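Student: To start, I am sharing the structure in question, which I have written as structure tokens.
The values are calculated or read from the model by the stated rules, or taken from the named source; none is laboratory data. Bear in mind the structure is a predicted one, so any value in this text is a computation, not a measurement. Quick reminder, even Gly has a Cβ in these numbers, built from the backbone with ideal geometry, and neighbours come from all protein chains shown. Just the protein is used for accessible areas: all its heavy atoms, side chains included, with ligands, DNA and RNA removed. Shrake-Rupley method; radii C 1.70, N 1.55, O 1.52, S 1.80 Å.
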Amino acid sequence: MALRWWWRCGASSRRAPPPASLPRLRPPGPGPRAAMCYFTQRSSTLLFPKICSIFWRFHHTSTSRLCSCSKTVSDEKYQDPFQLGRKDLKNLYEDIKKELLVSTAELKEMCDYYFDGKGKAFRPMIVVLMARACNIHHSNSREVQASQRSVAIIAEMIHTASLVHDDVIDDANSRRGKMTVNQIWGERKAVLAGDFILSAASVALARIGNTTIISVLTQVIEDLVRGEFLQLGSKENENERFAHYLEKTFKKTASLIANSCKAVSILGCPDPKVHEIAYQYGKNVGIAFQLIDDVLDFTSCADHLGKPAAADLKLGLATGPVLFACRQFPEMNAMIMRRFSKPGDVERARKYVMQVGPVSNVPFLKCHPY
């Protein structure tokens, strides 16, 4: 399996050549792509615990040193992916701050606020490991190119700028366990700070000097805007809601990971088949990441989340767990259409969601926050 080979190569000290058949590989059955597929099926309510289990195995590596792989593959133990990418992620936030050199002290303070080194750096980690996998496959090189590392930096800058803007739109009070930029400096200055981070990311992108990479990553910005508009709307037809939700999830979350993975694959390997593999991997990991984040909104406390629990419901958003619960409790349809605006709607909807098997039957989500 291409993905399993990637992790083994990263964890091994041997310079093993990649499998010759890598470009023809497809993501394994019990993985993010399968999760995406069965979400579109009528039986998705029964299959939801499986996607939780799948993604837990992926995510658990960020909270434990080692994770055992399937006995059907080998008896090796996979390393923590953050340890695999540690060398390339070193000084990541310091390098981002260098891109944000400004003369105005207040603007600099605002821009530096979220780049304090306390973030998960999940997106840069995925990007540098994809870069390394593509480089090993194409040229047997374990080194990440400077331009590929720049893509990881740009991805984190675009992500952070979108958080600043999201907090303004949502009138959020906390993010990553501290007050939001808009709560400290006000909405107008927060919008300008997000714009400035985005412009600095654009300058760094132009510095790479590759028009194909520029085209790929600017698509992310378009998707972020379109995704926000999708989130502001809703579908009356129950059968269309999940497709709407998945499209919104892709544009707001997965597009950044997918296109960043594609960008580093283009820089490291000329094979279009590898570019598509990288894109699909980033897309499905990004969707899985957001699906679990939406579940954690119901199962984790605010201290673990770094933001208020049940925040999506309070914003009137019907995420995956709500849509699943709606199939068992049709009375939720009216609440979804009025965006949980009546007194008691949020509490009732949360109660219904917690009664549905897919959430209540996944105990690890209650004790293992992101």
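Student: Using mean Cβ contacts within 10 Å as the protection proxy, how do 135-147, 161-173 order, highest first?
Tutor: Most protected by this proxy first, the peptides run 161-173, 135-147.
Student: Which aspartates and glutamates, if any, have their Cα less than 12 Å from the Cα of K262, not counting same-chain residues under 8 positions apart?
Tutor: D271, E276
Student: Rank-order 265-273, 214-222 by packing density, defined as the average count of other C-beta atoms within 10 Å over each peptide's residues, highest first.
Tutor: The peptides rank, most packed first, as 265-273, 214-222.
Student: Round to a whole number: what % of the accessible area of the range 131-278 belongs to carbon and sulfur, probe 1.4 Å?
Tutor: Result for the range 131-278: 54 percent of the exposed heavy-atom area is carbon or sulfur.
Student: More than 18 Å apart: what percent of Cα pairs in the range 227-308 qualify?
Tutor: Cα-Cα pairs of the range 227-308 separated by over 18 Å account for 55 percent.
Student: Also: Residue by residue through the range 130-139, what is 3J(HN,Hα) from phi via Karplus (6.51 cos²θ - 1.76 cosθ + 1.60, θ = phi - 60°)? Round to whole Hz and write x for glycine and proline.
Tutor: My calculation for the range 130-139 gives 5, 4, 5, 4, 5, 5, 5, 5, 7, 10 Hz in order.
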